[in-house]
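Single-structure report; data block below.
No value in this document is a laboratory result; all are computed from the given coordinates. Just so it is clear, the model here is predicted, and its values are computed rather than measured. Here Cβ is always computed from backbone atoms with ideal geometry, including for glycine, and neighbour counts include all displayed protein chains.
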Amino acid sequence: MATIQMLRPALRSKEGGERVGLAALIVVAVAVLAVGAKWVTGFAAVAMMLAALLGIVSVVLVALLGGPEAKRALAPYGLLKPGSIWMALFYLAPVWTLLKSSLSSKASRFAVQTDFTWEFSNYATAFSDFGPQFARAFLYAGAATVLTLLIGFPIAYVIAFRGGAYRNVLLGLVVIPFFTSYLIRTIAWTSILADSGPVVSVLDTLRLTSLLESVGLMEDGRLMNTATAVIGGLTYNFLPFMILPIYVALEKIDVRLVDAAQDLYSSPTRAFRMVVLPLSLSGVFAGTLLTFIPAAGDFVNAQFLGNPNTTMIGNSIQDQFLRQNNYPVASAMSFVLMAIITLLVVIYSRFFGTEDLV
Amino acid sequence: MSISTRRGRIGRILLNAYAVVGFAYLFLPIAVIVLFSFNKPKGKFNIVWQEFTLDNWKQPFSDEGLTSALWTSLKIAGLSTAIATVLGSMIAIGLARYRFKGSGAYEFLLVLPLTTPEIVLGSSLATLFLGQSIVEFGFTTIVIAHVMFQISFVALTVRARIRGFDWTLEQAAQDLGASPMRTFWSVTFPLILPGILAASLLAFALSIDDFIITFFNSGSTITFPLQVFGASRVQLPPQINVLASTILMVTVTIMVIGSLRGARAARRDARP
Amino acid sequence: MKSRQVRRRPGMSRREFLVRSGALGAAGLSLPALLAACGGSDDGGSSGGGNQLLFENWPLYIDPTEDGLTGSVDRFMAASGVELTYSEAYNDNLEYFAKIQPLLGTGKTIEPDIIAPTQWMAGRLLNLGWLDELPLDKVPNAANLEDAFKNPPSDPTGKYSLPWQSGTAGIAYNIEATGRELKSVADLFDPEFAGRVAMLTEMRDTVGLVLLGEGIDPSKISTFDEAAVAFEKLAKAKADGHIRAFTGNDYTDDLGLGNFAVCVGWSGDVLQVQADNPNVRFVVPEEGGTLWWDTMVMPKGAKNRDAAAKWMNFVYDPVEAAKIAAYVQYISPVKGVREELAKIDPELADNPLLFPDDATKARLIPFAALSEDVEAEFEAAFSDIVGA
């Protein structure tokens, strides 16, 4: 009864609804995160779940009994809540458990549980033993990102400005390769780049092999099991991730702007450089991030297309999990990878100016 | 004047040619996959072209492990897409329609999974699941993992699509006497439905295709990509290509039908 | 748990046939069903269990029903009345271990009654206490086990594992690509073949072979230092780009084409490829080759012990074992298979890869069973070489 008395003002006003909504959202999310990440166990966990329940109940009360202003202010929080619970439980909590695991150690090699022991040596190992793999991961991902930009930008441009009625069809064509399995696409490249396959045969006929070998792109007259193949695979697999954001950015550009620019500059190239390019940058920014970040953590391309000297950090993390059964070091490596990527992204966005991703 | 037009024209032709080459590049492996579904490999691996045969297509489901794995993948994708579409669309509508405190921070949170490498997403979820005993590794954990990254994709895609939506339409409907619920279902929802469908199609593709995150969280459940990977050290039967080509054809068909209907609707709307 | 009949697939060559029943990936795994199936019933080894059996084995490791012949699984089911579900879910020792670890490591049980780890993995599972004793009192045919496999280091009492098939790792090469016959482990490191050498991701086979080449007996090692010289040699070869790739079974295509001139390979793979490509040869090096075998073990809590016993007894009958060996073409651990095989496929019965002569047999050495810590050192060093 007293609760409802307390809530009565909230039920009327807009600010009240907003406050209740925001508070409930935060309480529920934190409670779920706390229980999922095991910050609290036993009675404390039950208490947290009760607090979350209280949050939900108060939202429901406002929704049922509140005035229209309050309900309206409440709506977004209500819409956001289920998704937030999922994200808190299955994204934030796992990241926390990963962090914890990275500072843990295992009692014996094949134990399932890890013990939290502030084991900073895991990070030392991650840095010292896997330097080359980290370096190669960023190098190959960077190369692949540049290549996807060079290949993808013109494609996005053509779809946006020349696509006309066929825009959606063309976009569909870009997305369709996605519907075959990532692995199968990569394996297809082993056929295409095979020693007896079409690409190598063409290069041989054109006598380009020795030239490419001197540059380091080919090894011993072959393309398979080289760094080139790995970068090629990465480029191919992440190309749609570059094309789509750039297209979204380009599509928003008013064509009349381009026409006006052409009138002003009387050269399509300059019009492009002065008008289209700057306006497309938000798409380029998004595309480069959506390409570089997953590529840096990839292990499939290196495994199928590379050789023992072209492995990336993803291969090492997978190996630490599977072969070495060393979850703590693997977690530390994952965290270092995330940290370096975050650092690069921050520097990168400073360079670009802050843009939103979509 | 004529010089710049000619340069412009050459530039335009070059650009179009470049784009065509780009599309060819996109579809080269797809063509290879379809082509090799007609291959009759000598050994256990379908990498080198031997001879043409229709046998594989006559028995596409002969590899039981592959077929059941594909079926599992489809079920997982269907379930996770459904959940993620609902949750993600709700988030998108909340973000796009309302301005409220904390929306900026929330958007940042939404983008976070997209900026985390898959291997980190997969391994962190695995450590979470290892530390509890409510769910076993398997179908459930895979669905949970897939929904997790699908929500971000769906929410951001739908939000981008409904950014231009005219929310005053809702006001108009309510002025005419419709309740908020009715307004939503009769006015808002049909108009934003294309965006939601596009997002869910993308999410479905991501789920079917997902390998790395599933790899860490699958237990003994086998999805299509996992089956291909697991067996790939021992064999690569042509049935893989057959099934992959089939999925491709089905999706292309759905897309074609979708765009045809969209074109027909657009034409119908344009009629006076 | 449901079990499904193995379906036949007519009209395909025996090499391409896959016997599968996808009980694991099968329909509608709801959460309760999943928990019930995998969850912690401690139905120990005391009761004999039901009339069903789930056996998870490697792919292409049993004769299928095709070409007018009935496969072993079907023959067994007809003869014994046991509902056998034969699944080929065992693709890789380490991956499979990662799958069962969360369950067996926390005291729960896994679905299969019999699984097929390679002998060193069986040793690891035994040391972790994750195996039940085999019901050998109900398997009289276990006496047919070849002496070489009795009481191995990985299972000193011999009560926890029964070999399924055995094989050797040696040098597989393409005589057209090498231009000559190869005889020694040193040939793997011949500079002439730089960039055209492949080795196996199976640590014990690759490292074992290199050890033999250095004159060290891999069955007698117990510390990492004893094997360090082999790791150094491999590390150098890798850094020089001498080794093109580390493979599973997928070296055979490239070997046949000559892209790999010489590989560390398995006898059975070469045997299967030789029919189509006589250029591919296999040799147990003069310094020696590694001997390995895949085993049948029962994980802790496996329920259907009687049915499992019937299966093991069935496959240890020389007549049945011969039929399996005729298809799989690896070395059978059952005595008397050669004589039975001569009745079905005389050519195969004389094949030295399947039935090595005594001189070769003496050169086949299994890798020592390593302690947990030493194995960790080996694995870490090998990961460095593979590049991970």
If packing is taken as the average count of other Cβ atoms within 10 Å, what order do A:124-135, C:330-341 fall into, highest mean first?
C:330-341, A:124-135
Between region A:83-133 and region A:202-239, the Cα center-to-center distance that results, in Å
37 Å
In degrees between 0 and 90, to the nearest 10, how far off the longest principal axis of chain A does helix A:14-36 point, with axes built from Cα atoms?
70 degrees
Please state, rounded to one decimal and in Å, the Kirkwood hydrodynamic radius that region C:80-239 gives when every pair of distinct Cα atoms enters the mean of 1/r.
18.9 Å
For region B:54-112, just the Cα atoms, rotate onto the principal axes and tell me the three extents in Å, largest first.
61, 19, 18
Total charge of the residues flanking residue B:47 in space, meaning their Cβ is under 12 Å from its Cβ, with Lys and Arg +1 and Asp and Glu -1, is -2
As a test of the formula, what do you get for chain C when each DSSP H run with n ≥ 4 contributes -39,500 (n - 2.57) and the sum is divided by the residue count, at 222 nm and rounded to the nearest 500 deg cm²/dmol?
-9500 deg cm²/dmol
Cβ charges +1 (Lys, Arg) and -1 (Asp, Glu), total dipole of the protein assembly as shown, debye
5240 debye
Could the peptides A:83-91, C:233-241 be put in order, highest first, of the mean number of other beta-carbon atoms found within 10 Å of their residues?
A:83-91, C:233-241
Go through C:159/C:323; C:220/C:335; C:150/C:335; C:150/C:361; C:108/C:303; C:233/C:361 and tell me which ones have a Cα-Cα distance over 20 Å in this structure.
C:159/C:323; C:220/C:335; C:233/C:361
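Across peptide A:275-286, how many C-beta atoms of other chains are within 10 Å of each residue C-beta, on average?
Taking the mean over all residues of the peptide, I get 0.
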Give me P(r) over region B:138-272, computed from all C-alpha to C-alpha distances, binned every 5 Å, as integer percentages.
2, 8, 12, 13, 15, 14, 11, 8, 7, 5, 3, 1, 0, 0
Treating the Cα atoms of the protein assembly as shown as identical point scatterers in vacuum, please give the log10 of the normalised Debye intensity I(q)/I(0) at q = 0.07, 0.08 Å⁻¹, two decimals.
-0.66, -0.85
About its Cα centre, what dipole magnitude does region B:74-207 give when the only charges are +1 on Lys and Arg Cβ and -1 on Asp and Glu Cβ, stated in debye to the nearest 20?
180 debye
I'd like to compare C:208-215, C:113-120: which one has the highest average count of other Cβ atoms within 10 Å, and what's the full order after that?
C:113-120, C:208-215
For chain B, what does the helix formula give at 222 nm: sum of -39500 (n - 2.57) over DSSP H segments with n ≥ 4, over the residue count, nearest 500 deg cm²/dmol?
-24500 deg cm²/dmol
Determine the calculated [θ] at 222 nm for chain A from helices alone, applying -39500 (n - 2.57) to every DSSP H run no shorter than 4 residues and normalising by the residue count; nearest 500 deg cm²/dmol.
-23500 deg cm²/dmol
For chain A, shape from the Cα gyration tensor axes a ≥ b ≥ c, cut at a/c of 1.5 then a/b versus b/c, turns out oblate
Loop-only GluC sites (Glu not before Pro) in region C:227-308, please: DSSP not H, G, I, E or B, and at most 15 other Cβ atoms within 10 Å.
C:286
Pick from B:122, B:43, B:177: which residue has the top mean-square fluctuation in a GNM of chain B where Cα pairs under 10 Å get a spring?
B:177
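Go through region C:89-153 and name the trypsin sites (Lys or Arg not before Pro) that are in a DSSP coil and have 16 or fewer other Cβ atoms within 10 Å of their Cβ.
Here the sparse-neighbourhood loop sites are C:150.
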Region B:74-118 versus region C:294-346: alpha-carbon centroid distance in Å
54 Å
Choice from A:163, A:306, A:283 with maximal GNM fluctuation in chain A (Cα, 10 Å cutoff):
A:163
Assign one of three labels to region A:54-211, namely rounded, prolate or oblate, based on the Cα gyration tensor with a ≥ b ≥ c the square roots of its eigenvalues; rounded applies when a/c is under 1.5, prolate when it is not and a/b is larger than b/c, and oblate otherwise.
oblate
What does DSSP give for chain C in terms of the percent of beta bridges that are antiparallel, rounded to the nearest 5?
60 percent
Which value, in debye to the nearest 20, gives the size of the charge dipole of region C:188-228 about its Cα centre, when Lys and Arg are +1 and Asp and Glu are -1 at the Cβ?
100 debye
Say the dipole of the protein assembly as shown comes from +1 at the beta carbon of Lys and Arg and -1 at that of Asp and Glu; which of B:89, A:333, A:244 then lies farthest toward its positive end?
B:89
Reachable lysines from residue B:101, Cα under 24 Å, same-chain residues fewer than 8 places away excluded?
A:14, A:71, A:81
Mean separation of Cα pairs under 8 Å and 6+ residues apart, divided by the residue count of region A:2-102: what relative contact order is that in percent?
40 percent
Partner shielding of B:207-220, taken as the mean number of other chain Cβ atoms within 10 Å, equals 5
Of all beta bridges DSSP finds with both residues in the protein assembly as shown, what is the antiparallel percent, to the nearest 5?
60 percent
Of B:138, B:185, B:172, which is farthest towards the positive pole of region B:64-236's charge dipole, taken about the Cα centre with +1 and -1 on the beta-carbons of Lys, Arg and Asp, Glu respectively?
B:172
Expressed in angstrom and rounded, the centroid-to-centroid distance over alpha carbons for region B:187-242 and region C:70-144 is 30 Å
Contact order normalised by residue count of region C:45-146, Cα under 8 Å, 6+ apart, percent:
30 percent
Which aspartates and glutamates have a Cα lying under 16 Å from the Cα of residue C:183, excluding residues fewer than 8 positions away in the same chain?
C:192, C:214, C:286, C:287
Overall form of region A:202-302 per C-alpha gyration tensor (a/c, 1.5; a/b vs b/c):
oblate
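In square nanometres, what is one fourth of the surface area of the convex hull spanned by the alpha carbons of region B:64-236? Spell out each step's value before the answer.
Details: hull surface 48.9 nm².
Quarter of the Cα hull surface area: 12.2 nm².
Give me a single rounded figure for A:70-76: the average over its residues of other chain Cβ atoms within 10 Å of their Cβ.
Mean shielding by partner chains, rounded to a whole number: 4.
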